[in-house]
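Engineer: This is the structure I want to talk about, given as structure tokens.
Only the coordinates and a few stated rules stand behind these numbers; no lab work does. Keep in mind that what you see is a predicted model, and the values were worked out from it rather than measured. Counting neighbours? That spans all protein chains shown, and the Cβs are built from the backbone with ideal geometry, glycine included.
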Amino acid sequence: MSCPPTTSRRHDCRVVLDTKYDIIQIMTRTGRLLDAMKANPKADWTLENVRTVVRAHGLTLRQRGTRHAVITNARGRHLTIPMHKPIKPVCIRRLVELIETAQ
């Protein structure tokens, strides 16, 4: 099985076989990054990590010369994240919730 056509490099995805349910899943690098954010929101997440996940899931990120980024999903829900280093865990949890409600 190969990677979906949206991935540009061969090593950007990994095939996961779930033998319990006989399901084959293709996890992209951004999918693994989102899973890591769910599992450990207290990690040292950066704005670049947030941008990668936001772009991959079809959300918009707006940051025009301010210290805050506004992320909006297709339903119009938005999240404002202050761009301090590291990004606070509560902001990462809310980002994951926003992505999950958009799907």
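Engineer: Can you give me the number of residues within segment 89-103 that are within 16 Å of Leu61 (Cα to Cα) and basic (Lys, Arg)?
Structural biologist: The number of residues fulfilling the criteria is 1.
Engineer: Now, a different point. Out of the residues in segment 45-90 meeting the condition of being within 11 Å of the chain's Cα centre (by Cα) and surrounded by fewer than 12 Cβ atoms within 10 Å (Cβ to Cβ), tell me which one is nearest to Leu33 (Cα to Cα).
Structural biologist: Checked segment 45-90; the qualifying residue nearest to Leu33 (Cα to Cα) is Glu48.
Engineer: Look at segment 91-103 and say how many of its residues are among the aliphatic types (A, V, I, L, M) and more than 11 Å from the chain's Cα centre (by Cα).
Structural biologist: Going residue by residue through segment 91-103, those that are among the aliphatic types (A, V, I, L, M) are 92, 95-96, 98-99, 102.
Imposing the further condition that a residue be more than 11 Å from the chain's Cα centre (by Cα) reduces the set to 102.
Count: 1.
Engineer: Test Arg93 against the stated conditions and say whether it is more than 15 Å from Lys38 (Cβ to Cβ) and surrounded by fewer than 16 Cβ atoms within 10 Å (Cβ to Cβ).
Structural biologist: No; evaluated as a whole, the condition is false for this residue.
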